[in-house]
Protein chains: 2
Amino acid sequence: MARWEPGARERLVVAAVDLFAEQGYDATTVAQIAERAGVTKSTFFRHFPDKRELLVAGQETLRTLLAEGVAEAPATAGPMEAVAAGLERASSAMGPMNRELGPRLKAAVATSTVLQERDALKTVSLAAALTGALVARGVPDPVAALAGELGVLAFKRGYAQWSEAEGESDLAPYTLAALQELRAATVSLG
Amino acid sequence: MARWEPGARERLVVAAVDLFAEQGYDATTVAQIAERAGVTKSTFFRHFPDKRELLVAGQETLRTLLAEGVAEAPATAGPMEAVAAGLERASSAMGPMNRELGPRLKAAVATSTVLQERDALKTVSLAAALTGALVARGVPDPVAALAGELGVLAFKRGYAQWSEAEGESDLAPYTLAALQELRAATVSLG
């Protein structure tokens, strides 16, 4: 078995999430994760510094994609159109593995306060990334903060619906539909 | 010195926040916090299980007050009026110590990922409490989630402005003004 075979990283994430959900985060060791994934412990440590980092490995990428999508939206796009462009960009990076991981990740997070805290920081930092990208486009502060929160809510709601839905399809239609639904909800609050 | 003298809990919180900000969260020990607060280590442990819990001690109370305010708003109140009632209830529990702690807490949180994660979970759980209380009033799901997020944004923004403002005054006018500002911002997004 080649030590750098493709897919080791993905297999480690799947193995870890399943073990966390099955036996709890605290009770799961790096050795168990590596064994379940069929790799050595040193392969684990080539990909992740510890078991805690494993679940937020994709976070930086997601934040970058969201912000890039917002930044590259046409100059004429309003705040919600720019957020939609960010969601589209980030959603397009999510494949079948992400879809399958959704419910298992949710089960894993439910087992541990540490994972809930990590997950919460992820949510807050995605909102900050969207808000920052909107401010950089000249969107004024309270509107940018609000649109950033809406974008994260839409991403999370769309992702949850996609994970639970049947059949093959992309994430983007789900996150964009969730954004539309939230936008409609703002009308009843205004 | 009486071991149960009034104010020990508050002095411990202030001492901890200042030490975290001065020398970082990781470098600060329970012994140092107790010494700065002028109490014994056992007094510390009568109030808090560890230094980590110390900063979220008020979180449960805040969550309860927000949810109670929403639940007890008049039956005729719309979602935003109910959120305003929650903010008013929670704001009224915040006194001069909370006001003074605001900027020092912010400085402390900046020193540590652990504290950022705790703080993020606090944000997420306050939003969940508001959303849950709104759903219990019969507010439909996407509107309740959105109004819950708006409420937390308003609380955080109002609290920050209050902490930075001069003179003596209550928190409530700040959080309610922030909510109004966000409500106006929803109009430009709808």
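The values are calculated or read from the model by the stated rules, or taken from the named source; none is laboratory data. Bear in mind the structure is a predicted one, so any value in this text is a computation, not a measurement. When we count neighbours, we look across all protein chains shown, and the Cβ atoms used for this are built from the backbone with ideal geometry, even at glycine. With ligands, DNA and RNA removed, areas are computed over all heavy atoms of the protein, side chains included. Shrake-Rupley method; radii C 1.70, N 1.55, O 1.52, S 1.80 Å.
Points worth noting:
- Potential lengthening between B:E72 and B:E10 on full extension [0.36 nm per residue; Cα-Cα distance subtracted]: 19.4 nm
- With every protein chain in place, the protein assembly as shown: carbon and sulfur % of accessible area (1.4 Å): 56
- Qualifying GluC sites (Glu not before Pro) in the range B:108-167, DSSP loop, other Cβ atoms within 10 Å at most 11: B:E166
- Tail beyond 15 Å, pair distance distribution of the range A:8-53 (Cα, percent): 28
- Here is how the number arises for chain A: DSSP H runs of 4 or more residues each give -39500 (n - 2.57), the sum is divided by the residue count, and the result at 222 nm is -24000 deg cm²/dmol.
- Listed residue pairs exceeding 20 Å between alpha carbons, taken from A:K122/B:K122; B:K41/B:K106; A:K51/A:K122; B:K122/B:K156; A:K156/B:K51: B:K41/B:K106; A:K156/B:K51
- Within the range B:8-53: Cβ-based charge dipole about Cα centre, in debye rounded to nearest 20 (Lys, Arg +1; Asp, Glu -1): 220
- Cα centroid separation, the range B:106-181 to the range B:54-99 (Å): 10
- Solvent-accessible area lost in complex, 30 Å² minimum, residues of the range A:169-190 relative to chain alone, 1.4 Å: A:R183, A:A185, A:T186, A:L189, A:G190
- Residue-span extension gain [B:A31 to B:T61] - 0.36 nm each, minus C-alpha spacing: 8.1 nm
- Computed E for A:R137/B:V187 - FRET, C-beta separation, R0 25 angstrom, nearest 0.05: 0.80
- Both the radius of gyration and Dmax for the range A:115-190 are 13.6, 41 Å, in that order, over alpha-carbon atoms.
- For the range B:56-73, the residues whose amide N sits under 20 Å from a probe point set 7 Å from the Cα of A:R52 along the beta carbon direction are B:56-57.
- Going from the chain on its own to the full set of protein chains, the range A:149-166 has these residues losing 30 Å² or more of accessible surface (heavy atoms, 1.4 Å probe, no ligands, DNA or RNA): A:E149, A:L153, A:R157.
- Evaluated at q = 0.09, 0.10, 0.13, 0.15 Å⁻¹: base-10 log I(q)/I(0), Debye formula over Cα of the range B:49-176: -0.25, -0.31, -0.52, -0.69
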